[in-house]
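Worksheet: the structure to be examined is printed underneath.
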Amino acid sequence: MQHRLKQQLGFLLEIDRLKEVMRQSYICRGLRKENSSEHSWHLAVMAIVLAEHAGEPVDIMRVVKMALVHDLVEIDAGDTFCYDDAGNADKADREAVAAERIFGLLPDDQGREFRSLWEEFEARATSEARFAAALDRLMPLMHNYYSRGKTWQEHGVPAAKVLDRNRHIEDGSPQLWALAKSLIEDAIEKGWLKK
């Protein structure tokens, strides 16, 4: 087997481990928690479906690529619950080390491309990254809303923290931020999220 193909297959086998990384978010019906690969797949589909709501023109294929690679670092770094202040303190360092190893499994050109996509997503400096990041925040918010605030309640997350954590949705899509705020307000009204 040629070296390049061997590297690619090794990477593909390694990323199968993303299916083992469990998130704090429950699926919308609240039956179980989702894993990170399910999240990435759902985010990629969400990007295609909601592309027209991006706040700025975007290359939707680039957004989809970011959605598919943005959490691969969790294979090594684990999923850090977004409301866990202590866990988020060293998240960037853990994920940078993970990115080096995981994207380093690929042939150099592909490894650089994937690393670049991941870094672009993290920096949120392009319209594509802002839109991808907005969707990445909107999806767990929707999961919380449609599971009647299950994760928020389990962790005692207050409304102010939810608003603060999700505020950057507006950077990628003012329209989706309006939707997010309405879901948060309705969750407060229904008692699923504490004011």
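Take the conditions more than 23 Å from Asn35 (Cα to Cα), in a helix (DSSP H, G or I), in contact with a Gly (Cβ under 6 Å, 6 or more places away or on another chain) and at pLDDT 95 or above and apply them to Ala187. Does it pass? Lay out the reasoning, then the answer.
Numbers: more than 23 Å from Asn35 (Cα to Cα): yes; in a helix (DSSP H, G or I): yes; in contact with a Gly (Cβ under 6 Å, 6 or more places away or on another chain): yes; at pLDDT 95 or above: yes.
Spelling it out, Ala187 is indeed more than 23 Å from Asn35 (Cα to Cα), in a helix (DSSP H, G or I), in contact with a Gly (Cβ under 6 Å, 6 or more places away or on another chain) and at pLDDT 95 or above.
Quick check on my filter: what residues within segment 94-122 are in contact (Cβ under 8 Å) with a residue 24 or more places away in the chain, assigned to a helix (DSSP H, G or I) and of a type in the set (A, V, I, L, M, F, W, C)?
Residues satisfying the conditions are Ala98, Ala99, Ile102, Phe103, Phe114, Leu117, Trp118, Phe121.
Within the group Lys195, Lys161, Lys190, which residue is under 18 Å from the mean Cα position of the chain (by Cα) and farther than 28 Å from Val58 by Cβ?
On the way: Lys195 fails: under 18 Å from the mean Cα position of the chain (by Cα); Lys190 fails: under 18 Å from the mean Cα position of the chain (by Cα).
Exactly one residue qualifies, and that residue is Lys161.
Which of the residues spanning segment 16-45 are over 15 Å from the mean Cα position of the chain (by Cα), assigned to a helix (DSSP H, G or I) and surrounded by 15 or more Cβ atoms within 10 Å (Cβ to Cβ)? Give the steps one after another, and end with the answer.
First, the residues of segment 16-45 that are over 15 Å from the mean Cα position of the chain (by Cα): 16-17, 20, 28-32.
Now drop any that are not assigned to a helix (DSSP H, G or I), which leaves 16-17, 20.
Across segment 16-45, the qualifying residue is only Arg17.
Taking the conditions exactly as written (farther than 20 Å from Gly30 by Cβ, aliphatic (A, V, I, L, M) and crowded, with 18+ Cβ neighbours inside 10 Å), does Ile169 satisfy them or not? Before you say what the answer is, go through the steps one by one.
Working: farther than 20 Å from Gly30 by Cβ: yes; aliphatic (A, V, I, L, M): yes; crowded, with 18+ Cβ neighbours inside 10 Å: yes.
Yes, satisfied.
Out of the residues in segment 101-130 meeting the condition of being charged (D, E, K, R) and farther than 15 Å from His70 by Cα, tell me which one is surrounded by the fewest Cβ atoms within 10 Å (Cβ to Cβ). Before you say what the answer is, go through the steps one by one.
First, pick out the residues of segment 101-130 that are charged (D, E, K, R): 101, 108-109, 112-113, 115, 119-120, 122, 124, 128, 130.
Filter once more, so that each one left must be farther than 15 Å from His70 by Cα: 108-109.
Values: Asp108: 11, Asp109: 9.
Looking at the filtered set, the residue picked out is Asp109.
How about segment 48-70: which of its residues are crowded, with 16+ Cβ neighbours inside 10 Å and outside any helix (DSSP H, G or I)?
Hits for segment 48-70 are Leu50, Ala54, Gly55, Val58, His70.
Evaluate segment 150-161: report whether one residue or more is hydrophobic (A, V, I, L, M, F, W, C), in a loop (DSSP other than H, G, I, E, B), touching a residue at least 60 places away in the same chain (Cβ under 8 Å) and out of contact with any Lys or Arg (no Cβ under 6 Å at 6 or more places or on another chain). Let's see the steps before the verdict.
Initially, segment 150-161 is screened for residues hydrophobic (A, V, I, L, M, F, W, C), giving 152, 157, 159-160.
If we keep only those that are in a loop (DSSP other than H, G, I, E, B) as well, we get 157.
Next, only the ones that are touching a residue at least 60 places away in the same chain (Cβ under 8 Å) stay: 157.
Still in the list and also out of contact with any Lys or Arg (no Cβ under 6 Å at 6 or more places or on another chain): 157.
Yes, segment 150-161 contains at least one residue that is hydrophobic (A, V, I, L, M, F, W, C), in a loop (DSSP other than H, G, I, E, B), touching a residue at least 60 places away in the same chain (Cβ under 8 Å) and out of contact with any Lys or Arg (no Cβ under 6 Å at 6 or more places or on another chain).
Could you grab me the full set of residues in segment 123-140 that are touching a residue at least 12 places away in the same chain (Cβ under 8 Å), over 16 Å from Arg29 (Cβ atoms) and assigned to a helix (DSSP H, G or I)?
Ser127, Glu128, Ala129, Arg130, Phe131, Ala132, Ala133, Ala134, Leu135, Asp136, Arg137, Leu138, listed by residue number.
Looking for something at pLDDT 95 or above, part of a helix (DSSP H, G or I) and over 17 Å from the mean Cα position of the chain (by Cα) - is there at least one such residue anywhere in segment 81-93? Give the steps one after another, and end with the answer.
The initial filter retains those residues of segment 81-93 that are at pLDDT 95 or above, namely none.
No: zero hits.
Can you tell me which of Val73, Val97 is more than 22 Å from Trp177 (Cα to Cα), surrounded by 20 or more Cβ atoms within 10 Å (Cβ to Cβ) and not polar (S, T, N, Q)? Before you say what the answer is, go through the steps one by one.
Details: Val97 fails: surrounded by 20 or more Cβ atoms within 10 Å (Cβ to Cβ).
Going through Val73, Val97 in turn, the sole match is Val73.
Name the one entry in Tyr83, Tyr146 that is under 29 Å from Arg29 (Cα atoms), surrounded by fewer than 21 Cβ atoms within 10 Å (Cβ to Cβ) and touching a helix residue (DSSP H, G or I) at 6+ places or on another chain (Cβ under 8 Å).
On the way: Tyr146 fails: touching a helix residue (DSSP H, G or I) at 6+ places or on another chain (Cβ under 8 Å).
Exactly one residue qualifies, and that residue is Tyr83.
Pairs needed: first member in segment 171-184, farther than 14 Å from Ser127 by Cβ and part of a helix (DSSP H, G or I); second member anywhere, modelled with pLDDT of 95 or more and aromatic (Phe, Trp, Tyr); C-beta distance under 7 Å; at least 6 residues apart or different chains.
Pairs that qualify, where the first residue is farther than 14 Å from Ser127 by Cβ and part of a helix (DSSP H, G or I) and the partner is modelled with pLDDT of 95 or more and aromatic (Phe, Trp, Tyr), are Leu183/Tyr145.
The values are calculated or read from the model by the stated rules, or taken from the named source; none is laboratory data. All figures in this text were calculated on a predicted structure; none of them were measured in a lab. Virtual Cβ from ideal backbone geometry, glycine too; neighbours counted across all protein chains shown.
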